[in-house]
Structure formats: structure tokens, C-alpha cells
Amino acid sequence: MSGFVFSEKPIEIVSGDGVYLTDTNGNDYLDFGASYACTPVGHCHPEVVDAATSQLEELIYVQASYPHAARTALYEQLAETGPVDIDHVWLCNSGTEANEAALKFARSATGREKIIATTQGFHGRTMGALATTWKRKYKKDFEPLAGGVEFVPYGDAEAMREAIDEETAAVILEPLQGEGGINPVPTEYLQTVRVATATNGAAMILDEIQTGLGRTGSMWAAETHNVVPDILTTAKGLGSGLPIGATLCRGWIAESAGDHGSTFSGGPVVSAAAGATLDVIEREGLATNAAKVGAYLREEAERRLGDDIREVRGSGLMIGIEVKRGSNRLLRDLALTHGILALPAGRTVLRLLPPLTVTHEHADEVLDAIEEVIG
Ligand SMILES: *Cc1c(COP(=O)(O)O)cnc(C)c1O
């Protein structure tokens with residue numbers, strides 16, 4: 001019996017420890033995909049396991065209208081780690097829901113309808129978040145989606161300036177596109193979006209679901225670019241693999257956010273896991289490690305793979321290697337003959353999103369394998 005939405009791989013994983021996964025036959029895999037950036041602190045980090053299991057034993061669930069210490073602590077931790085002024089936190093269960101809330105809050109706070117999104121952007125798969133996602137393939141069977149969404153070319157500052165007006169509720173974008181192919185943009189571009197949204201009274205929503213939590217070399221990519229959005233969304237690695245997302249908002253958004261809710265918002269177990277995850281990221285300096293090992297990996301990839309690839313892109317440990325032929329065969333060979341798991345991003349990009357705990361030695365091992373498989 002298998003599920004019907006995901007196509008399944010010929011590897012069955014039974015356990016995880018740090019940067020490694022183990023399958024039913026006892027084979028170990030160096031996990032450079034981290035199941036789409038879901039394990040920033042590594043698989044089954046003891047602190048996260050402890051936090052979640054002791055919470056499980058004490059109280060699995062109480063609804064968010066009853067204050068709970070784990071949830072309250074997480075609100076504070078997120079407000080503290082978030083960019084300055086973004087200190088209102090809404091908790092939910094996934095990235096899609098974090099963005100769905102962001103779009104709803106922006107509409108409610110501005111009283112406006114128009115949402116601007118970017119080409120190649122990915123923001124999730126519910127009818128609202130999906131409407132702001134670019135790829136036809138994800139949308140065509142489900143239309144009509146939420147209305148009022150306009151797309152502008154990602155990275156085009158002029159197009160953005162022209163599109164944003166006094167009818168705009170929000171602009172939603174990633175500071176470095178993930179699903180779209182690991183596409184970076186310059187700081188000036190994000191600052192243009194910041195200024196144009198502020199000037200027109202629109203909300204800037206920065207989707208940091210893939211870039212956040214230390215991945216690109218600082219806690220949030222917003223810090224690297226010196227941009228403070230009105231709303232910042234996070235999920236993926238926040239609960240080290242347990243389902244939790246968050247929508248971080250400035251006061252003017254939170255104060256007129258409208259009527260929104262979710263039964264599981266900030267349940268004690270996921271909140272405890274997320275709190276421990278944030279603690280470990282900070283204490284172990286994982287953003288700094290991501291910057292260091294990521295820079296080494298990108299430089300070495302360029303030097304060693306040279307003419308065999310088209311380009312290396314990215315920031316920190318969010319890296320795309322654009323290859324000359326399709327990436328599928330390459331990913332299969334890496335997994336089955338070298339025990340290395342990585343991800344695609346579109347058809348021709350090999351995407352690396354390892355736990356932020358990886359070392360230079362792990363990077364070398366992956367480069368050796370890629371060199372061999374491509375060569
Ligand atoms: C994965 C992702 C989402 C959707 O998150 P889910 O948890 O799968 O709903 C949204 N935005 C970005 C940038 C993502 O990478």
C-alpha cells in the first residue's frame with residue numbers, strides 16, 4: 001500500500017541521528033536534503049527529543065486560549081529572534097498555513113484586496129497560498145483560486161515599483177527562492193520592495209519558510225539584507241520535523257488582523273520542540289556554521305566541478321548547483337551508489353539543504369560524490 005500524492009523512493013528510512021539517516025537494510029545516508037530543510041539541528045537532536053517527550057508525558061494538548069508555558073516561551077523566543085519590531089506571533093501547523101494567515105492578516109489590516117507575488121515564487125498549496133505560487137503545474141487542476149493576485153518578474157525592481165500602489169494589500173516574496181530553483185536577489189531589490197510597500201501603506205510579507213532559522217548564514221535572510229518586513233513567515237525546520245509554522249507580525253498588522261484561528265495553534269508538544277530547536281540553533285552558533293561551511297561548499301563546487309556544471313548559486317547552506325542535464329539521474333546515483341541524499345529544484349538544479357550542523361568533511365564527501373557521478 002502506498003500513498004497517492006507523492007511518488008515514493010526505493011529507500012525506506014527507519015532512523016536518524018545528526019546528519020545521517022539509516023534504512024531498513026542498515027545502510028547509512030548522509031542527509032544533504034534534510035527532507036526540505038526540516039532538520040536544521042540534525043535528526044533526533046537529544047535536546048529536541050527530550051523537550052518533546054517530556055511534554056508528551058505531561059500534557060499532549062490544550063487549546064491556545066488556555067495559556068501554556070511552552071507556547072508562551074515560544075512566543076517570546078520568536079519575538080526575540082525575529083527582526084526588531086516584529087513581535088506578534090501567530091502559530092499554526094505548516095508553511096502554507098503561515099502564508100495563508102499572512103495574506104489574510106494583510107488584507108484585514110489594510111482593507112485592500114490586491115496581492116503582488118513573483119514569478120517562480122513558491123508559497124504553498126492551499127487555495128490562497130497557491131494563488132500566490134507561480135508554477136502552472138501546481139495550480140491548473142484546482143482553479144479558480146483566491147483572486148486579486150498579480151505576478152511581477154522576480155528580481156525586477158522597476159516592475160515591483162510600478163506594480164505597488166495604494167490598492168495593494170501586500171507583496172509576498174522569498175528573499176532567496178527555493179522551489180523556483182535557488183534564485184538569489186540583491187539586497188537593493190529587497191530594499192526597493194520595502195520602501196515601495198511602506199510608501200503605499202502595503203504590507204511586505206517575507207516568506208522565510210526555507211531561508212530562515214539560520215539556513216542562509218543569519219537567523220533570518222532579512223537580517224543579511226537589512227530589511228524588516230511587516231510579516232515574516234517560518235515553518236519547515238522550526239519544529240525539527242514536527243508540524244509547526246509561525247507568522248511573525250508588526251503591531252499594525254496584529255492589531256487589525258481579523259478573525260482567524262486554528263485548533264492546533266501552538267500545541268504544547270510542537271511548541272516545546274520548536275523552543276528547543278531555536279535554543280540549539282542559537283547556542284551552537286548554527287547560522288555562523290551555515291555561513292562558513294556553505295561558503296566553502298560553493299567555492300569548492302565551482303573550483304572542482306567547473307566546466308561540468310552551469311552554475312553554483314545560493315547563500316549559506318541553501319545551495320543550488322545547476323547541472324547540464326536533468327538532475328533526476330544524478331540524485332538517484334548519489335543516493336544509491338554514494339549514500340548521499342539531496343533534492344531537486346526544478347529539472348536541472350541539484351539542491352543542497354543539509355542540517356546546519358554539517359562540517360567541511362561532510363562537504364568534501366558530497367563534492368567527491370558529485371564529482372564522480374557527473375564525471
Ligand atoms: C515549503 C515552503 C512553503 C510551504 O510549506 P508547507 O509546510 O509545505 O506547507 C512555503 N513557502 C516556501 C518558501 C517553502 O519553501
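Kindly indicate which of Tyr189, Tyr138, Tyr154 is within 14 Å of the ligand (Cβ to nearest atom), without any contact (Cβ under 8 Å) to a residue 60 or more places away in the chain, not hydrophobic (A, V, I, L, M, F, W, C) and not in a loop (DSSP other than H, G, I, E, B).
After applying the criteria, what remains is Tyr138.
When you scan segment 143-190, how many residues do you find that are within 24 Å of Arg310 (Cα to Cα) and surrounded by 15 or more Cβ atoms within 10 Å (Cβ to Cβ)?
15
Name every residue in segment 217-248 that is more than 22 Å from Arg351 (Cβ to Cβ) and away from the ligand (no atom under 11 Å from the Cβ), in order of residue number.
If the condition is that a residue be more than 22 Å from Arg351 (Cβ to Cβ) and away from the ligand (no atom under 11 Å from the Cβ), then Glu223, Asn226, Val227, Val228, Pro229, Asp230, Ile231, Leu232, Leu242, Ala246, Thr247, Leu248 are the ones that fit.
Determine whether segment 239-252 contains at least one residue that is part of a loop (DSSP other than H, G, I, E, B) and buried (at least 24 other Cβ atoms within 10 Å of the Cβ). Walk me through how you get there before you give the answer.
Here is the first cut: in segment 239-252, the ones part of a loop (DSSP other than H, G, I, E, B) are 241, 243-244, 250.
Retained after the next criterion (residues that are buried (at least 24 other Cβ atoms within 10 Å of the Cβ)): 244.
Yes, that holds for at least one residue.
Can you name every one of the helices (runs of 4 or more DSSP H) wholly within segment 17-130 that holds 3 or more residues which are within 30 Å of Leu330 (Cβ to Cβ)?
34-37
Looking at Gly326, is it part of a helix (DSSP H, G or I) and either touching a residue at least 12 places away in the same chain (Cβ under 8 Å) or in contact with a helix residue (DSSP H, G or I) (Cβ under 8 Å, 6 or more places away or on another chain) (or both)?
No, not satisfied.
Working only within segment 148-187, note down all residues that are farther than 19 Å from Phe122 by Cβ and within 19 Å of the chain's Cα centre (by Cα).
Pro186, Thr187
Checking the condition in contact with a strand residue (DSSP E or B) (Cβ under 8 Å, 6 or more places away or on another chain) and over 30 Å from Leu74 (Cβ atoms), which residue from Arg325, Arg303, Arg332, Arg313 passes?
That would be Arg313, the only listed residue that is in contact with a strand residue (DSSP E or B) (Cβ under 8 Å, 6 or more places away or on another chain) and over 30 Å from Leu74 (Cβ atoms).
For segment 105-130, how many residues meet the condition of being within 16 Å of the ligand (Cβ to nearest atom) and among the small types (Gly, Ala, Ser)?
6
Condition check ((1) within 16 Å of the ligand (Cβ to nearest atom); (2) more than 23 Å from Ala203 (Cβ to Cβ); (3) crowded, with 24+ Cβ neighbours inside 10 Å) across all residues:
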residue	(1), (2), (3)
Glu58	no, yes, no
Ala69	no, yes, no
Ala73	no, yes, no
Glu80	no, no, no
Ile86	no, no, yes
Thr96	yes, no, no
Leu103	yes, no, yes
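Listed residues Cys38, Cys92; which is of a type outside the set (Phe, Trp, Tyr), assigned by TED's automatic domain parsing to the domain that holds Gly261, within 16 Å of the ligand (Cβ to nearest atom) and in contact with a helix residue (DSSP H, G or I) (Cβ under 7 Å, 6 or more places away or on another chain)?
It is Cys92.
Restricting segment 197-216 to residues that are surrounded by 24 or more Cβ atoms within 10 Å (Cβ to Cβ) and more than 13 Å from the ligand (Cβ to nearest atom), which is nearest to the chain's Cα centre (by Cα)?
Gly214
Which one of the conditions (1) among the aromatic types (Phe, Trp, Tyr); (2) farther than 20 Å from Gly320 by Cα; (3) under 17 Å from the mean Cα position of the chain (by Cα) does Tyr138 fail to meet, given that it meets all the rest?
Only one criterion in (1) among the aromatic types (Phe, Trp, Tyr); (2) farther than 20 Å from Gly320 by Cα; (3) under 17 Å from the mean Cα position of the chain (by Cα) is unmet by Tyr138, namely (3).
Given the residues Thr118, Thr126, Thr96, which is the only one that is of a type outside the set (D, E, K, R), farther than 11 Å from Ile253 by Cβ and under 16 Å from the mean Cα position of the chain (by Cα)?
The unique qualifying residue is Thr96.
Across segment 262-295, what is the total count of residues that are surrounded by fewer than 16 Cβ atoms within 10 Å (Cβ to Cβ) and more than 22 Å from the chain's Cα centre (by Cα)?
The number of residues fulfilling the criteria is 1.
Return a yes/no flag: does segment 260-267 have any residue that is more than 16 Å from the ligand (Cβ to nearest atom) and closer than 18 Å to Arg194 by Cβ.
No, segment 260-267 contains no residue that is more than 16 Å from the ligand (Cβ to nearest atom) and closer than 18 Å to Arg194 by Cβ.
The values are calculated or read from the model by the stated rules, or taken from the named source; none is laboratory data. Keep in mind it's a predicted model, so treat the numbers as computed, not measured. Using ideal geometry, Cβ is built from the backbone for each residue, glycine included, and neighbour counts are taken over all protein chains shown.
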